[in-house]
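The values are calculated or read from the model by the stated rules, or taken from the named source; none is laboratory data. Note that the coordinates shown come from a computational prediction; the quantities given were computed from them, not determined experimentally. Here the Cβ positions follow ideal geometry from the backbone for every residue, glycine too, while neighbour counts run over all protein chains shown. Only protein heavy atoms, including side chains, enter the accessible area calculation; ligands, DNA and RNA are left aside. Shrake-Rupley method; radii C 1.70, N 1.55, O 1.52, S 1.80 Å.
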Amino acid sequence: MTDPTTLDNGIEVVIVTLIAAIIWNLVTWWFGIPSSSSHALIGALAGAVLVGAGSDKVKWSGFIDIVGGLLLSPLIAFAIGYVVMTILKYIFAKRSPHNVNKGFRTVQIFTAALQAFTHGTNDAQKAMGIITFALVAAGVQDHLEVPLWVKISAATAMALGTSIGGWKIIKTMGTKIFKIEPINGFAADLSAASVIFTATLLHLPVSTTHAITSAILGVGSAKRFSAVKWGLAGRIIITWFITIPITAGLAGLLYWIIF
């Protein structure tokens, strides 16, 4: 989206990018809204570069490709979730719901692990990219190869953040959108993981939050449309759309105030 080697103020750009993204993530976390850290980072970086270096330093074609992928992936995840759950409903329609969920409770462990793995293949890359951006901008290294310690740090931080600080978001996604049973969790995990991993293979940054939330909405719609709390879903989607402009504006304002 921008080349750190062309910026004289790369460190300052990274600082305000991270501050703006962290502020927005904390706000949405406090309200239990599953917002996108990917959107927050991309929006904040664009805003910081615009104010700190000028519009000519933003690679707009790359920015548009990134935003396009971030917007398209939820629609695909919703559709796949709907189709997968519809197929599962048809296959297990005549079986006892208790026995079906008992079986899927075990299987879901593996799909949840797959979902976690695909999360790392895409979302962790953004954190590593920002750190590497800072290293290049500071002159610590002259290439964009990600050091091993950066990979380990990003993986550790993501694991700790999810396990320790993610409970409000987990509660929203697990209980507030609609009541998820093991078979629904299996369908949502499998659907979201397929979208995220495909995007990773295509070298497109997408939002794990958007993918899994949209997959849950698709699965819930297939289970029973009225079971989904569409009011909450609407607020979540609105947050997705305002994240990039808000974080861009916040990062630009912070750069203007601090530097």
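Relative to the longest principal axis of the Cα atoms of the chain, the long axis of helix 60-91 lies at roughly 10 degrees. Dipole check for the chain: with +1 at the C-beta of Lys and Arg, -1 at the C-beta of Asp and Glu, and the Cα centre as origin, the magnitude is about 1660 Debye.
When only the Cβ of Lys, Arg, Asp and Glu is charged (+1, +1, -1, -1), the dipole of the stretch 48-134 relative to its Cα centre reaches about 560 debye. Can you give me the angle between helix 148-165 and the longest principal axis of the chain, using Cα atoms only, in degrees from 0 to 90, rounded to the nearest 10? The helix 148-165 is inclined about 50 degrees to the chain. Residue 255 sits with roughly 30 Å² accessible to a 1.4 Å probe, with DNA, RNA and ligands left out of the calculation. Considering only 149, 24, 60, the Gaussian network model of the chain with Cα springs below 10 Å gives its largest mean-square fluctuation to 149. Model label points for residue 202 and residue 79, set 7 angstrom from Cα along the Cα-to-Cβ axis, are 1.1 nm apart.
Taking all protein chains as shown and a probe of 1.4 angstrom, residue 202 keeps an accessible surface of around 110 Å².
For the stretch 1-114, the normalised intensity computed at q = 0.10, 0.13, 0.19 Å⁻¹ comes to -0.52, -0.72, -1.04 (log10 of I(q)/I(0), Debye sum over alpha carbons, equal scatterers, no solvent). Between the residues 140, 99, 60, the greatest Cα displacement towards the positive end of the dipole of the stretch 22-174, with unit charges on the Cβ of Lys, Arg, Asp and Glu, is found for 99.
Note on residue 156 and residue 65: their simple-model spin labels are 3.3 nm apart, each label 7 Å out from Cα toward Cβ. Seen against the Cα atoms of the chain and their longest principal axis, helix 182-201 is set at about 30 degrees.
The residue among 248, 258, 178 whose Cα reaches farthest toward the positive pole of the charge dipole of the stretch 161-259, with charges on the beta-carbon of Lys, Arg, Asp and Glu, is 178. Sites listed here are trypsin sites (Lys or Arg not before Pro) in the stretch 45-105 whose DSSP assignment is loop and whose Cβ has at most 11 other Cβ atoms within 10 Å: 94, 95. Length gained on full extension, residue 87 to residue 232, computed as 0.36 nm times the residue gap minus the Cα-Cα distance: 49.6 nm. Where the alpha-carbon atoms of the chain are placed on the principal axes, they occupy 66, 37, 33 Å, in descending order.
The separation of the stretch 42-108 from the stretch 196-218, counted between C-alpha centres, amounts to 3 Å.
Within the stretch 23-52, list the residues whose amide N lies under 12 Å from a label point set 7 Å along Cα→Cβ of residue 253. Residues 24 qualify, since their backbone N sits under 12 Å from the label point.
The sum of -39500 (n - 2.57) across all DSSP H runs of n ≥ 4, divided by the residue count of the chain, sets its helix-only mean residue ellipticity at 222 nm to -27000 deg cm²/dmol.
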